[in-house]
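Remarks on the structure that follows.
The values are calculated or read from the model by the stated rules, or taken from the named source; none is laboratory data. Owing to the predicted nature of the structure, the values given are computational and were not obtained by experimental measurement. Positions of Cβ are generated from backbone atoms using ideal geometry, with glycine treated the same way; all protein chains shown enter the neighbour counts. The protein model used for the area step is the full one, side chains on, heavy atoms only, and it has no ligands, DNA or RNA in it. Shrake-Rupley method; radii C 1.70, N 1.55, O 1.52, S 1.80 Å.
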Amino acid sequence: MQTAFARPRKVFVQARLKAYRNRPEGQCCVPDTCNSLQLIPGSTSISDGCAGQISCGCSGGRLLLQNGSCCTPKTCASIGKCGTHSDGCGGTLNCGECCTPKTCSSLGFNEGHMFMASDGCGSTIPCSCPNGQTLVNGDCKAQCIPTTKYPDASMNCGYVDDGCGGSVQLATCSIPGQVCGAFKPNTCGTPLKDSDYVSLLVADVINLSPTCAASCLTNVRDQLSTNLSGFFL
């Protein structure tokens, strides 16, 4: 049966028999050499078969074992596994800490294809936000339902905040002469003329001076019209 080593053990047996037959007369033991053992000079010390030691090695990056066999060590790439393993030649391989990939569920997401999430082991997996959430700037956040109710029921024009970071356009002013926001934001109204402002000021004076006679009010109106005429130009 073929062994895991590069050179069968019978090579040693054959080398010993050959060396014994060719030994000098009267010599009982002929020591092995790296060449006779089909090895190359190296740094591994092995028995020469006669109670001595010789330093040999193996070619091709293989390791010489104490039993005289050449062994090709395994690598983490050839094993394809994490953790600690034997290299098959008496050594140990440290192939890194084993990592258990996370799933969308363990990350708090749902399975889907909304975005790619890290599995914690150097790869990514397709996931989607949990129910009731949506993806906002790369983060899952609670879904926002735009409001349809506004603080002031009189709002009838322009744009208003929808409560979700957007805006909603209301109707436009349909009555001729009215503009949005004439008196109040998001409310249609007819802009006042200069004379209207004067009338309002006079009305304020009347409220402040109820004892003012008609001639007094006329003088106030004339005076305001003169002083404020340039303000409304």
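Starting with the highest mean, order 53-60, 89-96 by the number of other Cβ atoms within 10 Å, averaged over the residues of each peptide.
Values: 53-60: 15.4, 89-96: 12.8.
Highest mean packing first, the order is 53-60, 89-96.
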Just round it to a whole percent: the fraction of Cα-Cα distances in the range 75-179 exceeding 20 Å. 66 percent
Over the alpha carbons of the range 121-199, what is the largest minus smallest coordinate on each principal axis, giving the biggest first in Å? 78, 22, 19
Potential lengthening between Ser86 and Asp162 on full extension [0.36 nm per residue; Cα-Cα distance subtracted]: 20.8 nm
With all protein chains present, calculate the accessible area of Ile125 using a 1.4 Å probe and round the result to the nearest 10 Å². 40 Å²
Test of understanding: what is the full-extension gain from Asn110 to Cys144, defined as 0.36 nm times their sequence separation minus their Cα-Cα distance? 10.3 nm
